[in-house]
Structure formats: structure tokens, C-alpha cells
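See structure below.
Read the figures in this text as sums done on the coordinates, not as results from a lab. All figures in this text were calculated on a predicted structure; none of them were measured in a lab. Every residue, glycine as well, gets a Cβ built from its backbone with ideal geometry; the counts of neighbours run over all protein chains shown.
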Amino acid sequence: MSKFSTLWRSEEWWAVWIGLLILGLVATGAITMVPKVSKWTSIEAAVKPLDALYMIPLAVGLLILTAIPVLTEKKDVKKYLVGFPVIFFLAFLSQLIADQVIVNQYGISYALWALIFGLVISNVGKTPKFLQAAAKSELFIKTGLVILGAEILFEVIMKAGARGLFEVTVGLALVWYFTYYLAVKLGLKKTFAAIMANATAVCGVSAAIAAGGAVKGSKEEISYVVSIVLLFAAPLTVIMPIIGRIFQIPDAIFGAWMGGFIDNTASVVATGALYSDAAMQVASIVKMSQNILIGITAFLLALYWVLKVERKPSQEKPKPVEIWYRFPKFIVGFLIASLVFSFVLVPTLGANAVDGLTKITKGFTGWFFALTFVSIGLQTNFRELIKIGKGKPLLVFLAATAWDMVLSLIAAIIFFSGMTL
């Protein structure tokens, strides 16, 4: 089977097809809502009647779509069909808990709850085989990232303008190189170093998985970085607004600081919201500016890995097509979604209509991400993770986070002082 013939068989491409299909159904009006969990104080108010009506059809629809790649790869289809409903339920439960009013107020996101549910199953006992077969973390996250492309409108990125230039160029480069250099210096594998550097410098989980695909990192390395990013994001969400108020940091500066510093997008928004609406808006803009660099950094990593890291001195210079083989294919879908929504749908339908569409696509993104974090938890065993690097990865992450915190604060003060929304 040639490499090009995997266009319809590989999980990478199926993530693109499924993501674009969902976006197409939303854009054409075939899908007009996604069931969700509402913020609640009493459990009966958590799921509104209309959302409850469509919750099972949503689960069945996602099961059918995501089972297609499993079927084409001739893997454990029966186990997948049994395991997926369990993972979907845990994803639902994570959103249910996260949207409880008090929990939501403290910004403890569904991503962390989903990860915890998976971790409990995989670490207290052993992940059952039917759940192992259904824990398709890469398929879920890549499909979610394709859909996320619709939300990364160029108009949103331009709102930050020159103010966000440092955050998404110089600052990113300084944090990335510091993390990578320190990790390699301490003896970590280059693939591990690249994954951690991308997570710290760009935007956490999504960037880590994109980097993992570009450099062919191991699942253990990716799981370690994803877990540590999410576990650290939760306390930062609560602590940072307190620090901001103690030092009376202006809203725009605080928002820009959080957008550049905290790695998880959901936690960035929650942290900003705990501070003020203005801080939340700035934080979201800066983080979205970073999110669009997922594809760029993954491409550059694939290029560098093929031409430099993996190339031996006696080896012929690799052909350009090798870069394409290595390039994470979901980024193609991500860019298509962003370009179509930005330059086709916005001029055609208008910004308000597209805003309505992206509210629907955000629902799908949230579900795929929740499925992802449950799956990552199911695939992560702390006893195995502790063995990785003998504590050195944690040291690298802490040092990189401290460096990122300082640089992001400096950038926020320089570029966002005096800004009002």
C-alpha cells in the first residue's frame, strides 16, 4: 500500500474528513444546535429538555463517525462500540461537574475532570481492554482541532494587532528555545524536549499533540506533557487572580499576562473571567493568537526533524515529500476551516451569522476535547510516568513555566498598558 493510498485509511486523514464534514453540516444549516450542559445549582437544571432530547442522538452520531476509522483500519470494532459509550458518559460527567456554579466559579475546567476520571480508572486498577480500544485520544483531539480552526478567525487575531506581536513571535521563540535547550541539557530525548517546549511556548495540550505528531514522539511523552499541563493549570486558575488583585494589576495587562502564560485555553478564559470581563477578553485574544501558531510550529518542527535531527551525515538529503509524510495532516483541515470561515463565510453570510455558527462548532470542539482528555487519562499510568526522566521533566516544566511567567508579564506591561476594551 503506497503512502498516498492512506488518504482514506489513516486515522490522521479521517480526523480531517470527520472535522470538515461536521463543519460542512453546521455551515449549511443541517446542524443547528449541539446539546450541552448548562451552569447549574440544582441537578435538574443541568440539562435543559431540548439538550436532553438530543444527547443520545449526539452520542450515537459521534460513535458512528469515529467508528469508521476503526473499521477501515480493521481494529477492535466490537470493543470500540462497547467502550465509546462509557467514554462519552465520562466526558458528559466531566462537563456536568465543571458547570456546577461553584466549581465553575473557580475555573476547574471539564478538561481536568475528564483527565481525572480516566486517571482513576487506569491507576486504581487497570484499564479494561474494551476501554483501551475506545480511547482514541489522537483521533478525538485531531478532529477537535480541525473543528477549532473555524473559531480561529483572522479578524479575531487582528484585534490584538501589534500588541500581541511579542506574545506570538519573540516571546514564543524565547520560551521554546529555553525549554528545549534545558530539557536536552538535562538528558531528555529530543522528541520529549520538543513536545514540552511546544506545550509551554504555544498553547498547552493541542500544541503538545501537534508537536508529538511532527517529531514522532511516543505516547508516553505526550501523555506526560498533557497531564502535567492540565494538573498545573487548575491551581493557577485560582491563584493568579488573587496575585493580580494583591498587586492591583490593570485588567488588560492581567488578561494579556494570562493569555501568554497559562498553557490551557479553557483555563486562560476561566482565569480572566475570575478577574474581570475585560481581562477575559484580552486573555482570550492573546491565547487565540497563540493557537493559530499550532500549525506553523508543527510544520517547522516536521521540517527541522526531517532535515536535521533524523538525517545522518552519510544519508542523502531527504526529498521534500518526506516533510509532507511527516506533516500532521489535521493541520490541513484546521487551516481549511479557518480560511473558509474567515474569507468565504464571513463576507458571504456576515460576521453575526458566522458568530452563530461558531457557537455551534464550539459545542463540537468541547465534546471532542472532553473525549480526548478521558482517553488520555485511560492511557496514562503514573507508575510508568514517574519512571520517565527520574523527575527531570518536572524540573524542566517548572523552570520553563517560571521563565514564561516572567516574559509574558514583561510583554503584557509593554504592549497592553493603557489598553481598554
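As a check on your grasp of the helix formula, calculate [θ] at 222 nm for the chain: sum -39500 (n - 2.57) over DSSP H runs of n ≥ 4, divide by the residue count, round to the nearest 500. Write down the numbers at each step before the final one.
Values: 23 runs with 306 residues, N = 421.
Result for the chain, helices only: -23000 deg cm²/dmol.
Among Trp257, Trp14, Trp305, the largest mean-square fluctuation in a Gaussian network model of the chain, built with springs joining Cα atoms closer than 10 Å, belongs to Trp305. I'd like the distance separating the alpha-carbon centroids of segment 234-254 and segment 75-151, in whole Å. So the two Cα centres are separated by 30 Å.
Taking amide H as placed 1.01 Å from N in the peptide plane, Gln100 has its amide H under 5 Å from the amide H of Trp40, each at least 5 places away in sequence or on another chain.
Peptides 333-346, 31-44 ranked from most to least packed, by the mean per-residue count of other Cβ atoms within 10 Å: 333-346, 31-44.
3J(HN,Hα) along segment 346-363, derived from phi through the Karplus expression 6.51 cos²θ - 1.76 cosθ + 1.60 where θ = phi - 60°, amounts to 4, x, 7, 9, x, 4, 5, 5, 5, 4, x, 5, 5, 5, 6, 5, 4, x Hz, with x in place of Gly and Pro. Within segment 93-145, the proportion of C-alpha pairs whose separation exceeds 15 Å stands at 59%.
The charge dipole of segment 31-120, taken about its Cα centre with unit charges on the Cβ of Lys, Arg, Asp and Glu (plus for the first two, minus for the last two), comes to roughly 200 debye.
Give me the dipole magnitude in Debye, nearest 20, for segment 4-416 about the Cα centre, with unit charges on the beta carbon: positive for Lys and Arg, negative for Asp and Glu.
Values: 34 positive and 22 negative charges, 254 e Å.
Rounded to the nearest 20 debye, it is 1220 debye.
Which entries of Lys48/Lys136; Lys190/Lys219; Lys75/Lys216 show an alpha-carbon separation above 20 angstrom in the structure shown? Exceeds cut-off: Lys48/Lys136; Lys75/Lys216. When the alpha carbon coordinates of the chain are projected onto the principal axes, the ranges are 65, 57, 51 Å, largest first.
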